[in-house]
Amino acid sequence: MNSLSKYNEIFCEIFNVDNSVLNDEFTANTVEKWDSITQMSLINRLEDCFDIMFEIDDITEFVSYTKGKELLKKYSIEIQ
Amino acid sequence: MKELEGKVALVTGTSRGIGKCIAEELAVNGAIVYANARKENCLNDWANELNQKYSGTIYPIYFDVTDFEKMKLEVYKVWKENQKIDVLVNNAGIEYNENIGMLKREHISEMFAVNTISVIELTQIVAKFMMRNKKGSIINVASVVARYGSSGQSVYSATKGAVISFTKSAAKELGKYKIRVNAVAPGLNDTDMITETSEDYLQRRIDNIALGRIGKPKDVANSVIFLASDMSEYISGQVLGIDGAVCM
């Protein structure tokens, strides 16, 4: 499974959505289920999956599907 | 079966006194204990000796609680090794007793860094791992002086008062992850910290303790065992005084 598939799978599981809705519009402001609890669940799952530990600032900045991909680059994870 | 059999516990400030006793009692009760100290190798002999005696296991883990990056790295190793952290005891603390008018800025900063900020930061790091298993117990070691005040300990009491406030809010915030957060507030305790206290002063302090004796590290450790165990599974956001019913 490539990194994009893993990334998407985690989002689908956490937010209980279909792959097709994962795009630039998928953000904390637009997704009702995206609250502090789901955000921490998302962070925890991504950390486990990619064997990284996010900086606190990055956790607070992780507010969208697209922003998450960008932040993961800091940890040498290319989502593609 | 022992109360804490197989539970993974991290305890800060275990090179002496209350912290050392807490780590030992956790091990006696079957826990896998990561005992922290600042000075490299200072716990090795003690840990080896205890590991031959008890069913629990003590692993020394060295970091300065004010070094966030190192702390994060070491906690991550504990997580990787066990895939869980069940118990965190924020015990590391320092104390400078100075009167108002003679409070040194460096001592104020140091006390807040060790006694308060490290508690908040380590809780933040460890809670993230506890969330994954939707279970955990965090126990912060506060002090009786945070509840009642104490002349000559204005800053120390303020650092511990902040710990108590943090404990109560953290309990509310982390409850949804089934993580409990409590504090213990020891009174006068028989540790190295009182060796320089005069006998007269000490006796006057003891005279104010209803149970008529100075506290022992084991008294505090026993309360930590209770709060770490499932016996206290419905207790969170509390401050348990371990002070012999002191009148301050």
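May I ask you to list the residues in the range A:60-78 that are within 14 Å of chain B (Cβ to nearest Cβ) and within 10 Å of the chain's Cα centre (by Cα)?
Passing the criteria: only A:62.
From B:175, B:149, B:212, which residue is under 28 Å from residue B:79 (Cα atoms) and either acidic (Asp, Glu) or surrounded by fewer than 19 Cβ atoms within 10 Å (Cβ to Cβ) (or both)?
Step by step, each of B:175, B:149, B:212 is checked, and only B:175 is under 28 Å from residue B:79 (Cα atoms) and either acidic (Asp, Glu) or surrounded by fewer than 19 Cβ atoms within 10 Å (Cβ to Cβ) (or both).
Is it fair to say residue A:54 is without any contact (Cβ under 8 Å) to a residue 60 or more places away in the chain, crowded, with 16+ Cβ neighbours inside 10 Å and away from chain B (no Cβ under 13 Å)?
Here the answer is no, as residue A:54 does not meet what is asked.
Enumerate the pairs (first residue in the range A:1-14 and hydrophobic (A, V, I, L, M, F, W, C); second residue anywhere and assigned to a helix (DSSP H, G or I) and surrounded by fewer than 14 Cβ atoms within 10 Å (Cβ to Cβ)) with beta-carbon separation below 8 Å, excluding pairs fewer than 6 apart on the same chain, so at least 6 apart or on different chains.
Filtered contacts from the range A:1-14: A:12/A:19.
Give the number of residues within the range B:44-59 that are modelled with pLDDT of 95 or more and either among the small types (Gly, Ala, Ser) or closer than 15 Å to residue B:89 by Cβ (or both).
Residues in the range B:44-59 being modelled with pLDDT of 95 or more and either among the small types (Gly, Ala, Ser) or closer than 15 Å to residue B:89 by Cβ (or both): 3 in total.
Output the residues belonging to the range B:106-131 that are buried (at least 21 other Cβ atoms within 10 Å of the Cβ) and without any contact (Cβ under 8 Å) to a residue 40 or more places away in the chain.
B:128
Among the helices (runs of 4 or more DSSP H) contained in the range B:133-248, which hold 1 or more residues that are within 14 Å of chain A (Cβ to nearest Cβ), closer than 26 Å to residue B:122 by Cα and not hydroxyl-bearing (Ser, Thr, Tyr)?
Result: B:154-174.
I'd like to check something: does the range B:92-103 contain any residue that is under 25 Å from residue B:20 (Cα atoms), at pLDDT 95 or above and not in a loop (DSSP other than H, G, I, E, B)?
no
Of the conditions (1) at pLDDT 95 or above; (2) away from every other protein chain (no Cβ under 13 Å); (3) surrounded by fewer than 23 Cβ atoms within 10 Å (Cβ to Cβ); (4) within 23 Å of residue B:222 (Cα to Cα), residue B:89 clears all except one; give me its number.
The one condition residue B:89 does not meet is (3).
Give me the residue from the range A:30-51 that is surrounded by fewer than 18 Cβ atoms within 10 Å (Cβ to Cβ) and assigned to a loop (DSSP other than H, G, I, E, B) and, out of that set, nearest to the other protein chains (Cβ to nearest Cβ).
So the residue we want is A:51.
Return yes when residue A:20 is within 14 Å of chain B (Cβ to nearest Cβ), small (Gly, Ala, Ser) and part of a helix (DSSP H, G or I) and no when it is not.
no
The values are calculated or read from the model by the stated rules, or taken from the named source; none is laboratory data. From a predicted model like this one, the values you see are computed outputs, not experimental measurements. For neighbour counting, all protein chains shown are included, and Cβ atoms are generated from backbone atoms with ideal geometry for every residue, glycine included.
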